[in-house]
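Taking it in order: structure first as structure tokens, then the write-up.
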Amino acid sequence: MPPPKTYHSSSLSPLSEREVLSGNLVADVCVIGGGLAGMTTALELARGGRDVIVLESAEVGFGASGRNGGFVGPAWSQRLDALIRKVGESQARRLYELSMEGVRIVSGNISDLAIPDLNLAKGKLSVARTPSRDAFLRRRDRLRNEFNQQVEVWDTDKVRTVLKTPRYFEALHYPDDFQINPLAYLRGLASEAERLGGRVFERSGAKRLDTGVGCTKVVTQSGTVAAKQVVVATGGYTARLIRKLYHSYVPISTYIMLTKARPDLIATAIETPFGVGDQRRAGDYYRLVNGGTRILWGGQITTRVSEPRRLAQMLLATMTETFPQLKGLEVDYAWSGIMAYARHLMPQIRQIEEGVWSCTAFGGHGINTTAIGGKVLAEAILQQSERWRLFTPFGFDWNGGPAGRVAVQSSYWWMQARDKFGESMARAADTGA
Ligand SMILES: Cc1cc2nc3c(=O)[nH]c(=O)nc-3n(C[C@H](O)[C@H](O)[C@H](O)COP(=O)(O)OP(=O)(O)OC[C@H]3O[C@@H](n4cnc5c(N)ncnc54)[C@H](O)[C@@H]3O)c2cc1C
């Protein structure tokens, strides 16, 4: 299947295709999956002097990593409070700090590798759709005091000056968050891994793993790689290569569109260079691109993995529900991507069996977390640290089969209904209706 036309790919120059694996090769480590998780792991291993081969079934960035919204900031898909309940205060704190380290790894790679065409933009507003002043003040204090994270609370008037909608109330402003073209970043990682001697093969999907003593053979259509260590980083595109992995995650689709250029119309709604996300579980997120002339708008989740026929109209409807003044804005193109969620909403960074590791299930918060996930997994293989053990509580819990998908979809609809009810009450109070 060819990759979709996305804003990210269309704003980069086309690359010449990489080779298909052929013949029988040997490497220290074979990484399966050419997304951010696989490529970060491969790069860290190449930096550590290991001979690495990456196998990608389509092309580098074909999956979520090449299609995502490009928002980079601390945190995991699972919320901090839920992490505290599961693993206790101290381990949850260490995990949150790792997520912050993930942001620093991305920034470090951006500056060290001088990656072109990143379209780096700084700052993010996390906006509330119901009055949230007290909750936001508590969150600000906690992030400042416990994690030394820069964050400010914006009051409703200030928010509505730059985001012209009565739907929004207060916002948290994260000045150190940033946005990038994720495909440009991923290609930068791949080039660096190759410069350090790593080999990347495209259209070379792993079909089977033959595990032997001290070595695993990864079998593709036209070749094999024999390696002491194998890392499976196949994200939401994980098929039945390893049963345990396949049955322990739910593929969740989510969507993005790019509008046509209408700077005057767009300025009637959005007048901030910051990325914006709303506080709902699967809320909208968007930012201005191309010098403020277009909107990149994402949102919605579903367990249905095929792309809806009227995707652009669906996203336009969510945008104009928040900004009715943008009716008439047209869509250039819209696309979907698949994320992997485990039931615990945390990544699966662990050993599947002797010499075979997983680095997957990063959910919807994957740029910073794949960076630190790949790093700690590389540290494990390089025998530099045991930090991967912090992820031991997040295992291969069964996804519940088809009933599990239905349950996920139903709970999303339930959350949507709950959000809508809360918002309608807030609007009534706001307008005195
Ligand atoms: C539309 C969308 C918007 C998002 N927005 C954001 C955002 O703004 N910020 C953020 O932090 N996160 C975001 N995310 C989440 C983030 O993109 C993901 O968590 C992250 O990219 C996952 O990376 P990955 O490497 O695990 O998976 P992927 O990028 O999906 O990579 C997996 C790769 O494995 C390959 N593969 C699968 N099976 C095989 C096989 N057998 N052999 C070889 N290769 C195989 C696939 O082709 C694919 O390229 C978003 C996700 C989507 C879909």
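Give the peptides 138-144, 355-361, 210-216 in descending order of average Cβ contacts within 10 Å, highest first. Let's see the in-between values first.
Numbers: 138-144: 14.6, 355-361: 25.7, 210-216: 11.6.
Packing proxy ranking, top to bottom: 355-361, 138-144, 210-216.
May I ask for the angle, rounded to the nearest 10°, between helix 36-47 and the longest principal axis of the chain, with both axes built from Cα atoms and the value confined to 0 to 90°?
50 degrees
What is the angle, in °, between the Cα long axis of helix 401-431 and the longest principal axis of the Cα atoms in the chain? Nearest 10 is fine, range 0 to 90.
The answer is roughly 20 degrees.
Please list, or write none, the lysines whose alpha carbon is within less than 25 Å of the alpha carbon of LYS207, excluding same-chain residues fewer than 8 places away.
LYS217, LYS228, LYS244
Ranking request for peptides 364-375, 87-98, 392-403: highest mean number of other beta-carbon atoms within 10 Å first, then the rest in descending order. If you can, show how the numbers build up before the last one.
Numbers: 364-375: 26.3, 87-98: 16.2, 392-403: 14.1.
By packing density, highest mean first, the sequence is 364-375, 87-98, 392-403.
Sum -39500 (n - 2.57) across every DSSP H segment of at least 4 residues in the chain, then divide by the residue count to get the 222 nm mean residue ellipticity, nearest 500. Kindly include the intermediate steps, with their values, before the conclusion.
Values: 12 runs with 152 residues, N = 433.
For the chain, the value works out to -11000 deg cm²/dmol.
Going by average Cβ density within 10 Å per residue, which order do the peptides 67-74, 303-310, 170-177 take, highest to lowest?
Values: 67-74: 24.4, 303-310: 12.4, 170-177: 21.1.
Packing proxy ranking, top to bottom: 67-74, 170-177, 303-310.
Stretch GLU146-GLU386 to full length: gain in nm at 0.36 nm per residue minus the Cα-Cα span?
Gain on extension, GLU146 to GLU386, equals 84.0 nm.
I'd like the per residue volume of the convex hull spanned by the Cα atoms of the stretch 276-377, given in cubic angstrom. Show your work: numbers first, answer last.
Working: hull volume 14.7 nm³, N = 102.
With only Cα atoms used, the stretch 276-377 gives 144 Å³ per residue.
Across 10 Å bins from 0, what is the distribution of all Cα-Cα pair distances for the stretch 151-258, in whole percents?
Calculated over all Cα pairs of the stretch 151-258, the distribution is 10, 23, 27, 17, 14, 8, 1 percent.
Just subtract the alpha-carbon distance of VAL305 and ASP210 from 0.36 nm times their residue separation and send over the number in nm, one decimal. Present the calculation step by step, with values, prior to reporting the outcome.
Details: separation 95, 0.36 × 95 = 34.20 nm, distance 2.94 nm.
Full extension of this stretch gives 31.3 nm more.
If you bin every alpha carbon distance in the chain into 20 Å steps from zero, what whole percent lands in each bin?
All Cα pairs, binned at 20 Å, distribute as 26, 58, 15, 0 percent.
Taken together, the values in this text are just the output of simple stated rules run on the coordinates, not laboratory data. Note that the structure is predicted; figures quoted are calculated from it, not measured. Note that each Cβ is placed from the backbone with ideal geometry, even for glycine, and that neighbours are counted across all protein chains shown.
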